[in-house]
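Quick notes on the structure that follows.
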Amino acid sequence: MPELPEVTIMVNGLKKKVLNRTFVNVWTDTEKLFKNVSFLTFEKSIKNAKIKDVYRKGKIVCLELNNNKIIFIHPKMSGHFLIGKWKRVGNVWESEKRGDLRGLRFIHLVFWLNNGLMIAFSDLRKFARIELWDKKERDKAKIIKELGPDALVLTLTQLEEILKKSQRKIKQILMEQKLIAGIGNIYADEILFKAKIHPLRIGGSLNKKEVKKIYQSIKPILNKAIKLGGSSVSDFYNSEGNKGEFQNELKVYRRQGQKCLICRAIIEKQKITGRSTHFCPKCQCPAGSDPASGV
């Protein structure tokens, strides 16, 4: 978290309110967020610069400025943006609406704009990554250079090529940003459930029909999540401080021990390369197959 749907929602929220606005000041209490530049240099570089475009690359939020600079922000595990007006009281940011603390407890970066609004970046775990690049060198930035095709524009042929020789588990493949950009733990589980493919299946073992089922599950799941405002399974809020609703649609993610909504079998959870993986042992385990072996 956040994944492609949540980052899309972040970008859409920013586009509505900050395009063509100018940065007048910036504050942080967590300088370690800045990876290829010091906070002091970042501050000097963006002051009085205008936001000309906001877009997404995989899970990365990109802000292009009119001074030929571009900001890359990777929200990592818990980052998200808020737009509004707040004041700093002691060590806490307070909303104009007293008692409204949605996302405010973990604000570690604030931008002031020339129209009086503020952009705040909330990050509970402080794992986010912020980089500043010259536009002419942006393609050299490792943060986006190594991304695979975006999950929303991925073609069936590309997916077939990615999978056909892989000896990795399909869950790992879907989450590997160098192969497919945008899918994380939540949506990989939901995509594989919709496709009725066990997460331990080996990519190269999947036949064309199975690959097509995965392909036909990716965009519907991601687009529905975008439409419903993303998944607020932990602390995700949109730029207005509202939670998403896709968590109410989850079929397997974090439903271990509960009955499958399709077949009533009990949803299971396993670790795959350190990540919790949720699946239905019946719906995602065709008769006669051995998911663990990839057969």
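Couple of notes before you dig in:
- Matching residues in region 49-63 - criterion: being in a strand (DSSP E or B) and farther than 24 Å from V153 by Cβ: K50, I51
- The lone exception for I70 - which of (1) at pLDDT 95 or above; (2) out of contact with any helix residue (DSSP H, G or I) (no Cβ under 6 Å at 6 or more places or on another chain); (3) not basic (K, R) it fails: (2)
- Count of residues meeting criterion [part of a helix (DSSP H, G or I), out of contact with any Phe, Trp or Tyr (no Cβ under 9 Å at 6 or more places or on another chain) and surrounded by fewer than 17 Cβ atoms within 10 Å (Cβ to Cβ)] in region 18-42: 2
- Residue check, V233 in contact (Cβ under 8 Å) with a residue 40 or more places away in the chain, part of a loop (DSSP other than H, G, I, E, B), farther than 25 Å from K57 by Cα and in contact with a Phe, Trp or Tyr (Cβ under 9 Å, 6 or more places away or on another chain): no
- For the residues K50, K59, the requirement of being crowded, with 19+ Cβ neighbours inside 10 Å, modelled with pLDDT of 95 or more and among the basic types (K, R) singles out K59.
- The residues listed here are D53, D123; of these, the one that is touching a strand residue (DSSP E or B) at 6+ places or on another chain (Cβ under 8 Å), closer than 27 Å to L174 by Cα and among the acidic types (D, E) is D123.
- If you go through region 180-230 and keep only what is among the polar types (S, T, N, Q) and either under 20 Å from R254 (Cβ atoms) or surrounded by 19 or more Cβ atoms within 10 Å (Cβ to Cβ) (or both), you end up with N185, S217.
- Of all the listed residues (K178, K194), the sole one being under 18 Å from E3 (Cβ atoms) and not in a helix (DSSP H, G or I) is K178.
- Filtered by the rule that a residue be among the β-branched types (V, I, T), at pLDDT below 95 and more than 20 Å from the chain's Cα centre (by Cα), region 118-164 gives no residues.
The values are calculated or read from the model by the stated rules, or taken from the named source; none is laboratory data. Please read these numbers as outputs of a predicted model, since none were measured by experiment. No Cβ is skipped: glycine too gets one built from the backbone with ideal geometry, and neighbour counts run over all protein chains shown.
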